[in-house]
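First the structure, in the form of structure tokens, and then the observations on it.
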Amino acid sequence: MDQYVVFGNPIGHSKSPLIHRLFAEQTGQDLEYTTLLAPVDEFSDCARGFFKQGSGANVTVPFKEEAYRLCDSLTPRAQRAGAVNTLSKLADGTLQGDNTDGAGLVRDLTVNAGVELTGKRILILGAGGAVRGVLEPILALDPQSLVIANRTVEKAEQLAREFDELGPVVASGFGWLQEPVDVIINATSASLSGELPPIAESLVEAGRTVCYDMMYGKEPTPFCQWASKLGAAQVLDGLGMLAEQAAEAFFIWRGVRPDTGPVLDELRRQLARG
């Protein structure tokens, strides 16, 4: 039976084993998927040890950059992201790295939620690794504009410079923006601490602006609550992105794309139960 894991630290909370078990049952694939807690300073050794027998792995915090350095080859989107969340052992025994986060976000927005990104004004909050991983697939859909807003503007400016040949991307401070936009994507970790990025309410046009938080929880995140209060056209959390990036990894490994709908429904049920 082919072996797969998700590396992380911490990792006990991971929903990846459940997601991939449901994918395997749905598609008739014979595999085992478990968690692997890697010591913070021993990820490379753990990964090499696993891949003596293992076929593939997902990688989560804090190891995505280290996984990038571990790989023998990288897909173009992993090279762009500068981080790897999906590892595959190729036929010759070498490790290939990919990054499915951006594909997962875009698929959740465009397919699951029916949000049009082409020709739209998009605002991304944050300038960390989560943003780096999603810029290329968003820009590939040809938005009218893409603004990266961050507390430390220099970080946003660096990202904008790295990706500006792919489309109309610029940097901003949180407080510089006032005009309504079509889509706001919160890629900061503010929701984890019960906080909001310091942005103007005028960015949300009631009935029109779509607001998406990469974070999720049993209850709506602070950002989602804020967006709902302002009458956003759609308010979405990141659970769909979690399922879709996993489906993309599953497709890379097994050559079959699972239906995320029933899996997402089960994740929602489990979240509601706490």
Notebook entry, point to check: Can you tell me which residues in segment 92-141 are closer than 22 Å to residue 6 by Cβ, among the polar types (S, T, N, Q) and free of Cβ contacts under 8 Å to residues at least 60 places away in the same chain?
Noted result: 94, 96, 99
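Taking segment 9-26 only, how many residues are touching a Phe, Trp or Tyr at 6+ places or on another chain (Cβ under 8 Å) and either of a type outside the set (Gly, Ala, Ser) or not assigned by TED's automatic domain parsing to the domain that holds residue 258 (or both)?
Qualifying residue count for the region: 5.
If I filter segment 38-68 down to residues being assigned to a helix (DSSP H, G or I) and over 22 Å from the mean Cα position of the chain (by Cα), which single residue comes out as nearest to residue 95 (Cα to Cα)? Before the answer, list the steps.
So in segment 38-68, the residues assigned to a helix (DSSP H, G or I) come out as 43-50, 64-68.
From what is left, the residues that are over 22 Å from the mean Cα position of the chain (by Cα) are 44-46, 48-50.
Values: 44: 12, 45: 14, 46: 14, 48: 9, 49: 13, 50: 12 Å.
Looking at residues that are assigned to a helix (DSSP H, G or I) and over 22 Å from the mean Cα position of the chain (by Cα), I get 48.
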Margin query: On the basis of being over 18 Å from the mean Cα position of the chain (by Cα), farther than 16 Å from residue 185 by Cα and not charged (D, E, K, R), does residue 79 make the cut?
Written below: no
Next item on the list: Tell me, yes or no, whether segment 6-14 has at least one residue that is closer than 18 Å to residue 251 by Cβ and crowded, with 17+ Cβ neighbours inside 10 Å.
Entry: yes
Next item on the list: Scan (1) part of a strand (DSSP E or B); (2) buried (at least 22 other Cβ atoms within 10 Å of the Cβ); (3) β-branched (Val, Ile, Thr) for the single condition residue 35 breaks and write down its number.
Entry: (2)
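Yes or no, residue by residue, for (1) closer than 26 Å to residue 183 by Cβ; (2) surrounded by 23 or more Cβ atoms within 10 Å (Cβ to Cβ); (3) in the same structural domain as residue 141 (by TED's automatic domain parsing); (4) touching a Leu at 6+ places or on another chain (Cβ under 7 Å):
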site: 55; (1), (2), (3), (4): no, no, no, no
site: 69; (1), (2), (3), (4): no, no, no, no
site: 74; (1), (2), (3), (4): no, no, no, no
site: 78; (1), (2), (3), (4): yes, yes, no, no
site: 91; (1), (2), (3), (4): no, no, no, no
site: 95; (1), (2), (3), (4): no, no, no, yes
Notebook entry, point to check: Out of segment 69-94, which residues are touching a helix residue (DSSP H, G or I) at 6+ places or on another chain (Cβ under 6 Å), part of a loop (DSSP other than H, G, I, E, B) and modelled with pLDDT of 95 or more?
Noted result: 84, 85
Check: Under 8 Å by Cβ, and 6 or more places apart or on different chains, what pairs join a residue from segment 180-206 that is over 22 Å from residue 134 (Cβ atoms) with one that is surrounded by fewer than 24 Cβ atoms within 10 Å (Cβ to Cβ) and at pLDDT below 95?
Finding: 200/175
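The values are calculated or read from the model by the stated rules, or taken from the named source; none is laboratory data. Computed from a prediction, not measured in an experiment: that's the story for all the values here. Positions of Cβ are generated from backbone atoms using ideal geometry, with glycine treated the same way; all protein chains shown enter the neighbour counts.
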